[in-house]
Amino acid sequence: DQNTFQAIISHCKEYGFVFQSSEIYDGLSAVYDYGQYGAELKKNIKDYWWKSMTQLHENIVGIDAAIFMHPTTWKASGHVDNFSDPMIDNKDSNKRYRVDHLIEGYADTLEAADKTALLDQMELLLKENDLPGLKTLIEEKKIKCGVSGTVNWTDVRQFNLMFSTQLGSVTDEASEIYLRPETAQGIFVNFLNVQKTGRMKVPFGIAQIGKAFRNEIVARQFIFRMREFEQMEMQFFIRPGTQKEWYEKWKEERMQWHLSLGVDPAKYHFKDHVKLAHYADAAVDIEFEFPFGFKEVEGIHSRTDFDLKQHQEHSRKKIQYFDTEINQNYVPYVIETSIGLDRMFLLTICNAYAEEDLSTPEKADSRVVLKLPAKLAPIKLAIFPLTKKDGLPEIARELMDSCKSAFYCFYEEKDAIGRRYRRQDAIGTPFCVTIDHQTKEDGTVTIRHRDSMEQERVPMSTIKQLVLDKIS
Ligand code: ATP
């Protein structure tokens with residue numbers, strides 16, 4: 001619910017995960033910075049995706065293309081002409097809305113059958129780009145978005161989501177370039193470079209992680225919809241005619257990736273696209289149940305040979321593959337998997353966040369804990385000497401030195417042990433180790449497990465391997 005979501009947003013700020021960009025200047029709308037723990041968590045999610053896509057697939061390689069691309073790229077891809085959302089303004093309140101969000105929001109208040117009919121009507125109008133029709137639909141349904149009486153709407157306009165800027169100081173038209181709105185095109189234009197230099201054989205994939213920029217009309221829900229964000233995309237090049245089978249395979253494989261992080265499967269579902277993008281012959285979203293409802297986190301798209309053909313036509317360079325198995329030249333088809341890194345971050349935090357009541361008959365108590373998968377946690381091991389004296393810090397430092405090159409450790413000697421544990425719970429550290437006087441006698445330490453809060457006594461010499469086993 002919204003209260004939980006607000007608590008999660010506050011938690012992200014209070015514990016150094018996510019800050020509003022340029023906060024001292026009152027922030028910049030829908031732009032965010034990752035703090036000390038957020039940057040680690042984000043990097044761990046990135047690494048987990050990268051490794052499972054490239055290292056674990058012998059036929060997928062990764063690249064890192066530039067954000068700036070030749071302007072013709074976006075003409076070829078269809079973004080200049082089609083990458084827009086319909087928007088409408090309320091002239092009285094000066095509030096701006098995305099028409100599809102407005103209608104979808106209103107549809108949520110309807111009975112199932114009416115809701116489907118309304119959304120179908122909207123999809124049709126969107127498909128036909130019938131802007132006056134969309135406005136009439138809003139007016140007919142009295143979709144007032146909290147305003148009573150008649151609303152003084154503007155006409156519906158198509159709003160292109162690409163940011164543009166000038167390359168160099170020459171102000172002729174050709175120097176206008178865009179910040180990429182998706183990473184995919186950097187892969188398509190490098191198809192031949194990678195295929196040839198890597199001696200890749202179809203079917204094979206190219207993966208990439210990088211920034212993308214969209215001038216979203218309405219930015220909502222924290223880092224769910226941002227204007228600057230990161231995507232993790234993979235384009236899988238296949239023989240024409242095999243797209244159905246590869247589409248199903250990637251759907252399945254990507255869902256398994258999500259489930260491998262230990263999320264309750266009931267929190268995920270597939271949602272087929274009703275309205276297909278201009279390049280797709282099939283498309284599905286993987287949706288997760290965020291505190292504000294089921295929403296898209298990843299898309300799997302069967303893109304046909306649309307992109308490579310478009311680039312072939314606009315660049316006038318042949319982009320083809322010679323398949324030695326069937327002795328044929330063709331433009332490969334593409335299955336794409338596209339996931340938002342920031343959305344995956346939000347998903348991970350939402351799924352991990354728990355407020356627990358630990359009250360006993362004697363004492364009221366509670367804690368906030370992030371039950372992150374150990375492999376994603378920013379800090380893997382916190383090391384605490386029980387006191388600041390008696391040689392305990394020295395022993396703790398020894399453990400720190402033997403572990404810190406293998407995984408991220410955190411050392412702290414201030415405050416009561418209980419308070420130190422709670423601070424680590426709040427940032428999701430799976431293990432805490434306490435060095436006490438007994439350690440000096442028999443070399444054992446107490447290891448405390450985050451989720452169960454159980455403590456066990458084990459030899460200090462086993463700690464490193466114990467943590468390594470849990471994070472690999
Ligand atoms: P939406 O319908 O929510 O606008 P989309 O269908 O346009 O998203 P895609 O173009 O398929 O999204 O992008 C692939 C992925 O990139 C999405 O599944 C999402 O995780 C992520 N993404 C897209 N737009 C944003 C954004 N503004 N902020 C953060 N992540 C985004």
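The values are calculated or read from the model by the stated rules, or taken from the named source; none is laboratory data. This is a predicted model, so every value here is computed, not measured. Here Cβ is always computed from backbone atoms with ideal geometry, including for glycine, and neighbour counts include all displayed protein chains.
Descriptive notes on the structure:
- Test result for residue 45, hydrophobic (A, V, I, L, M, F, W, C), surrounded by 17 or more Cβ atoms within 10 Å (Cβ to Cβ), at negative phi and more than 18 Å from the chain's Cα centre (by Cα): no
- The set of residues from the range 365-419 being in a strand (DSSP E or B) and touching a residue at least 24 places away in the same chain (Cβ under 8 Å) comprises 367, 368, 369, 370, 381, 382, 383, 384, 385, 409, 410, 411.
- The one condition from (1) surrounded by fewer than 16 Cβ atoms within 10 Å (Cβ to Cβ); (2) more than 21 Å from residue 236 (Cα to Cα); (3) modelled with pLDDT of 95 or more that residue 66 does not meet is (2).
Table: residues versus (1) within 30 Å of residue 132 (Cα to Cα); (2) within 15 Å of the ligand (Cβ to nearest atom); (3) outside the structural domain of residue 291 (by TED's automatic domain parsing); (4) modelled with pLDDT under 95.
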{"site": "167", "(1), (2), (3), (4)": "no, no, no, yes"}
{"site": "170", "(1), (2), (3), (4)": "no, no, no, yes"}
{"site": "185", "(1), (2), (3), (4)": "no, yes, no, no"}
{"site": "193", "(1), (2), (3), (4)": "no, no, no, no"}
{"site": "212", "(1), (2), (3), (4)": "no, yes, no, no"}
{"site": "216", "(1), (2), (3), (4)": "yes, yes, no, yes"}
{"site": "219", "(1), (2), (3), (4)": "yes, yes, no, yes"}
{"site": "236", "(1), (2), (3), (4)": "no, no, no, no"}
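- Check on residue 206, more than 15 Å from the ligand (Cβ to nearest atom) and among the aliphatic types (A, V, I, L, M): yes
- Scanning the range 295-325 for residues that are hydrophobic (A, V, I, L, M, F, W, C) and either within 12 Å of the ligand (Cβ to nearest atom) or free of Cβ contacts under 8 Å to residues at least 24 places away in the same chain (or both) yields a count of 3.
- Of all residues in the range 424-457 being surrounded by fewer than 16 Cβ atoms within 10 Å (Cβ to Cβ) and among the basic types (Lys, Arg), the one that is farthest from residue 373 (Cα to Cα): 440
- Whichever residue in the range 92-147 is touching a residue at least 60 places away in the same chain (Cβ under 8 Å) and outside any helix (DSSP H, G or I) and, among such residues, is nearest to residue 277 (Cα to Cα): 98
- Qualifying residues in the range 326-351 (those that are within 10 Å of the ligand (Cβ to nearest atom) and among the β-branched types (Val, Ile, Thr)) - the one nearest to the chain's Cα centre (by Cα): 339
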